[in-house]
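Asker: After the structure tokens below, expect a handful of questions from me.
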Amino acid sequence: MAMDLDALKRAAALKAVEYVRDGMVVGLGTGSTAKHMVMALGEKVRSGMQLRGVPTSQETATLAREQGIPLIDADNAWVIDVAIDGADQVDPAFNLIKGGGGALLKEKIVAASAKQFIVLVDQTKRVPALGGSFPLPIEVIPFGWGSTARAIEGLTKSSVILRERNGSPFHTEAGHVILDVHLARIDNPRELEIALTLIPGVVETGLFVGRTDLLIVGTAKGVETYPATRT
């Protein structure tokens, strides 16, 4: 019998919202797993819980409003109690690749602004090392993106592909484009993240290094939680 990944995602999301308390400001992630989390928070709001959300995309903002979750203005200087989001890959040190949905810039801003960052995934997202089966998204400004791509290729020695949708370049909500870098393996995510951000034209990378405080994994045997250890 095929594993029901959506059920695993929902189970992880239900566990994650247990960490939300009345009166909190919550960072709302983007993607299929985060969607379950937003819907679960909507149930809590309808049951009387007071909270406010900071969405990481227009898609999430629309869903949150449909669920009755009050949202904080995007231009605010937030104090976010907890941010909850999914990931495309998670390595043994809880470093992440994010950005498959194109919301990596807002997701990283929200994660960095939160007192606690909770990552929820299904078991297929855990990998021995980042890279390989999933490309690394890098958000770059459109001006001179080809030159930026060439510099990234020179640094990584890997193929760089402009993300497209319906035959046209995909644009993020901030108006940037995304370059997907196909790396066989990322052995030092922190070093790579620093090097990539030094390239002119790079806005942000999909590497989330040392940001995860709690990892929640939906598995076929149940939900597992792992607090991060800081060294």
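Asker: Has region 11-23 got at least one residue that is within 14 Å of LYS106 (Cβ to Cβ), touching a Leu at 6+ places or on another chain (Cβ under 8 Å) and either at pLDDT 95 or above or part of a helix (DSSP H, G or I) (or both)?
Answerer: So far as region 11-23 goes, no, none of its residues is within 14 Å of LYS106 (Cβ to Cβ), touching a Leu at 6+ places or on another chain (Cβ under 8 Å) and either at pLDDT 95 or above or part of a helix (DSSP H, G or I) (or both).
Asker: Identify, please: which residue in region 81-128 is among the basic types (Lys, Arg) and in a strand (DSSP E or B) and is, among those, surrounded by the fewest Cβ atoms within 10 Å (Cβ to Cβ)?
Answerer: If we take residues in region 81-128 being among the basic types (Lys, Arg) and in a strand (DSSP E or B), then LYS115 is surrounded by the fewest Cβ atoms within 10 Å (Cβ to Cβ).
Asker: Which pairs have Cβ atoms under 8 Å, sit 6 or more apart or on different chains, and link a residue in region 62-77 that is over 19 Å from LEU41 (Cα atoms) to one that is of a type outside the set (D, E, K, R) and loosely packed, with under 11 Cβ neighbours inside 10 Å?
Answerer: Going by the 8 Å Cβ cut-off, there are no qualifying pairs.
Asker: Please work out which one of (1) polar (S, T, N, Q); (2) in the same structural domain as GLU193 (by TED's automatic domain parsing); (3) assigned to a strand (DSSP E or B) is the condition THR148 fails and give its number.
Answerer: Failed condition: (3).
Asker: Here's another thing I want to ask about it. Which residues, taken from region 181-190, are surrounded by fewer than 20 Cβ atoms within 10 Å (Cβ to Cβ) and within 17 Å of LYS108 (Cα to Cα)?
Answerer: ARG190
Asker: Follow-up. Suppose the filter is surrounded by 12 or more Cβ atoms within 10 Å (Cβ to Cβ) and closer than 22 Å to VAL121 by Cβ; does GLU193 pass it? Give the derivation first.
Answerer: Numbers: surrounded by 12 or more Cβ atoms within 10 Å (Cβ to Cβ): yes; closer than 22 Å to VAL121 by Cβ: yes.
Criteria met by GLU193.
Asker: Something else about it: Looking only at residues in region 1-16 that are under 21 Å from ALA103 (Cα atoms) and touching a helix residue (DSSP H, G or I) at 6+ places or on another chain (Cβ under 7 Å), which one is surrounded by the most Cβ atoms within 10 Å (Cβ to Cβ)?
Answerer: Our first condition is that a residue be under 21 Å from ALA103 (Cα atoms); within region 1-16, this holds for 6, 9-10, 12-13, 16.
Among the residues that remain, those that are also touching a helix residue (DSSP H, G or I) at 6+ places or on another chain (Cβ under 7 Å) are: 9-10, 12-13, 16.
Numbers: LYS9: 23, ARG10: 21, ALA12: 29, ALA13: 26, ALA16: 27.
Only one residue fits best here, namely ALA12.
Asker: How many residues are touching a Lys or Arg at 6+ places or on another chain (Cβ under 8 Å) and in contact (Cβ under 8 Å) with a residue 60 or more places away in the chain when one looks only at region 175-202?
Answerer: Within region 175-202, residues that are touching a Lys or Arg at 6+ places or on another chain (Cβ under 8 Å) and in contact (Cβ under 8 Å) with a residue 60 or more places away in the chain number 1.
Asker: Next up: Looking at (1) without any contact (Cβ under 8 Å) to a residue 24 or more places away in the chain; (2) assigned to a helix (DSSP H, G or I); (3) under 26 Å from ILE178 (Cβ atoms), can you tell me which one HIS36 breaks?
Answerer: Of the numbered conditions (1) without any contact (Cβ under 8 Å) to a residue 24 or more places away in the chain; (2) assigned to a helix (DSSP H, G or I); (3) under 26 Å from ILE178 (Cβ atoms), the odd one out for HIS36 is (1).
Asker: Next question. When the residues of region 45-62 are filtered to those that are touching a strand residue (DSSP E or B) at 6+ places or on another chain (Cβ under 8 Å) and not basic (Lys, Arg), which remaining residue is nearest to ILE109 (Cα to Cα)?
Answerer: Looking only at region 45-62, we keep the residues that are touching a strand residue (DSSP E or B) at 6+ places or on another chain (Cβ under 8 Å), and these are 51-56, 60-61.
Right, trim to not basic (Lys, Arg) and you get 51, 53-56, 60-61.
Details: LEU51: 20, GLY53: 14, VAL54: 11, PRO55: 11, THR56: 9, THR60: 15, ALA61: 16 Å.
Filtering first and then ranking leaves THR56.
Asker: Okay, moving on. Assuming ALA174 fulfils every condition listed in (1) at pLDDT 95 or above; (2) among the aliphatic types (A, V, I, L, M); (3) over 18 Å from the mean Cα position of the chain (by Cα) apart from one, which condition is it?
Answerer: Here ALA174 meets the rest and fails (3).
Asker: Just checking, which of GLY144, GLY206, GLY201 is touching a Phe, Trp or Tyr at 6+ places or on another chain (Cβ under 8 Å) and of a type in the set (Gly, Ala, Ser)?
Answerer: Residue meeting the stated conditions: GLY201.
The values are calculated or read from the model by the stated rules, or taken from the named source; none is laboratory data. This structure is a prediction, so every number in the text was calculated from the model and none was measured. All Cβ positions, glycine included, derive from the backbone under ideal geometry; neighbour counts span all protein chains shown.
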